[in-house]
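Peer 1: Right, I'll just put the structure down here and ask away after.
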Amino acid sequence: MDTHSHAAVVGAGPVGCLTALSLAARGFTVSIYERRPDPRHHQIGSGSRDNASAPRSINLAISARGLKALSSVNVETDRNMADVVLSHAVPMRARMIHTKDEGQGVKQMSQAYGLNGECINSVSRTLLNDLLLDQASAHPAVSLHFNCKLRSVDLQAREKDPQAEGECHLNFESWEGSGPASRYSALVVGCDGINSIVRSTIARLTPVNFQQEYIDSSYLELRIPPKIEDGAATFALDPNHLHIWPRHSFMLIALANLDKSFTSTLFAPQAIIGRLTSRGAILEFFANEFPDALKLMGDEDVVATLLPRQGKGSPLSSVKCYPYHYKGRAVFLGDAAHAMLPFYGQGLNCGFEDVGFLTNLIDKHGVRGDPGQSVGSGKSVQGEKEENAWDRYSPLLAQAFTEYSKERHPDLIAISYLATQNYHEMSSRVVSPLYLIRKSLDGL
Ligand code: FAD
């Protein structure tokens, strides 16, 4: 393989796939290395192509930020990746607050997201990832390698050995099902999630500020099945709302799926989730706090889902770090760089935006995988040998990555802060009298 224009993307999550497609569009030959098996052969999650008896998966709110980045990848002459994703999403124009007032029972209150019908879009994470994987596997310049878990990466391979086949040397713990293996590459992009190996490798070579903070709350996934009316499946709640049951220190939410079910998530402190260890405790908690939701979910389904968890939710934490790169050789994006609390619905949207932000800078500095084809600042190197061109491009890529770290960081810190603040808004403020007066004065 010619490693001069080769980019190794670690992680075939949504950010890794979009990164691969965006680099391939700039002339790079891209390999995606993913530690898990191909999820398209192991379907999970509501909203997946074959969801009969499938286990559950989260669904995500995709908003303008993420759609803009997705729209920069064309998949057909007249369709881009945002069009593809939107054709599998349910628009949510407002949130529906399900209150529980002493003596007044359960009430529903709709709060629009905008004055002009603006919406966010509910899409299954599994399905979204599948759609991106389909596009990546169909691209002639992208190869996908599953069951390949990165163990370590040497970002100084050529400094140590000038004859090395590439700047970076990736070592895998497993290689497509068997044995250890290694590969060379000019460039490594870490899209390997919250426990990123690419990030920790860079941190050993250059100072990287790093902070990970857990909150006391964790989450549990539930499901509201379709309602059967006259033999036909229909939504049990209005699908065009993000449903919230705010209860101050905890809350339940529900987002619609195309199959007319809802994916519901309980966010609560360990003191509450830790008590959900018996049928009686689970049903008593839901009957007291979310009686309307319990009716829609069904006692047996709630118990069957929560009892095996034995009071253990999935943890929630945020990661902040700086910088996000090493020279012109490695950079990390998405949750690897900025996992954030899910309460602003922006974690993946920001990850997609990272890809657009970075590739704009790569264009600005005129770097391409196929050096003969210049872009951006017009540093054309027609006819130049690819090896020489890459030696010249490497410092330009270092500039692009340095600018990326500097310019992207303040926005990522701000949005992570807003995600934490929105937890307080969603769980409490949406039902506070002051908030409701302000909203009604705003005409919302
Ligand atoms: P990941 O999805 O974590 O993918 C990383 C990939 O790298 C994985 O496939 C993993 O297997 C692979 N990998 C890891 N290590 C290695 C290795 N050593 N070698 C090879 N492969 C490796 N975001 C939104 O925008 N909107 C929402 O509404 C929203 N809701 C959320 C609700 C919940 C409950 C949670 C928990 C998150 C939510 N998010 C939301 C955040 C969103 O899920 C993440 O930001 C997003 O999945 C991150 O994508 P990623 O590709 O960066 O990382």
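Peer 1: Cβ-Cβ under 8 Å, sequence separation 6+ or interchain: first residue in the range 343-359 and not assigned by TED's automatic domain parsing to the domain that holds S249 and of a type in the set (D, E, K, R), partner more than 10 Å from the ligand (Cβ to nearest atom) and at pLDDT below 95. Which pairs?
Peer 2: Pairs found: none.
Peer 1: In addition: With the condition kept exactly as written, say whether any residue in the range 183-194 is in a strand (DSSP E or B), more than 20 Å from H338 (Cβ to Cβ), within 13 Å of the ligand (Cβ to nearest atom) and more than 24 Å from the chain's Cα centre (by Cα).
Peer 2: Checked against the condition, which is being in a strand (DSSP E or B), more than 20 Å from H338 (Cβ to Cβ), within 13 Å of the ligand (Cβ to nearest atom) and more than 24 Å from the chain's Cα centre (by Cα), the range 183-194 yields at least one hit.
Peer 1: G311 - would you say it is crowded, with 22+ Cβ neighbours inside 10 Å and either farther than 30 Å from E159 by Cβ or not aliphatic (A, V, I, L, M) (or both)?
Peer 2: For G311, the condition - crowded, with 22+ Cβ neighbours inside 10 Å and either farther than 30 Å from E159 by Cβ or not aliphatic (A, V, I, L, M) (or both) - is not met.
Peer 1: Please give the number of the condition T206 fails out of (1) of a type outside the set (D, E); (2) within 16 Å of the ligand (Cβ to nearest atom); (3) assigned by TED's automatic domain parsing to the domain that holds I62.
Peer 2: (2)
Peer 1: State yes or no: is E159 touching a strand residue (DSSP E or B) at 6+ places or on another chain (Cβ under 6 Å) and either assigned to a helix (DSSP H, G or I) or away from the ligand (no atom under 15 Å from the Cβ) (or both)?
Peer 2: no
Per-residue answers, yes or no, for (1) within 14 Å of the ligand (Cβ to nearest atom); (2) charged (D, E, K, R):
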position	(1), (2)
H241	no, no
A256	yes, no
T265	yes, no
G274	no, no
R279	no, yes
F285	no, no
E289	no, yes
V302	no, no
K312	no, yes
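To keep it simple, each residue is scored yes or no on (1) in the same structural domain as E221 (by TED's automatic domain parsing); (2) free of Cβ contacts under 8 Å to residues at least 60 places away in the same chain; (3) within 16 Å of the ligand (Cβ to nearest atom); (4) farther than 18 Å from C191 by Cβ.
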site	(1), (2), (3), (4)
K100	yes, no, no, yes
L132	no, no, yes, no
H139	no, no, no, no
V142	no, no, yes, no
C168	no, no, yes, no
W175	no, yes, yes, yes
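Peer 1: Something else: For the range 177-188, enumerate the residues that are touching a Phe, Trp or Tyr at 6+ places or on another chain (Cβ under 7 Å) and either among the polar types (S, T, N, Q) or surrounded by 14 or more Cβ atoms within 10 Å (Cβ to Cβ) (or both).
Peer 2: A181, S182, A186
Peer 1: Provide a single number: the residues in the range 214-229 that are charged (D, E, K, R) and out of contact with any helix residue (DSSP H, G or I) (no Cβ under 9 Å at 6 or more places or on another chain).
Peer 2: 1
Peer 1: Can you pull out the residues in the range 133-156 that are in a helix (DSSP H, G or I) and within 30 Å of L205 (Cβ to Cβ)?
Peer 2: If the condition is that a residue be in a helix (DSSP H, G or I) and within 30 Å of L205 (Cβ to Cβ), then A136 is the only one that fits.
The values are calculated or read from the model by the stated rules, or taken from the named source; none is laboratory data. A quick note: this is a predicted structure, and the numbers were derived from the prediction, not measured. Here the Cβ is made from the backbone with ideal geometry for all residues, glycine too, and neighbour counts use every protein chain on show.
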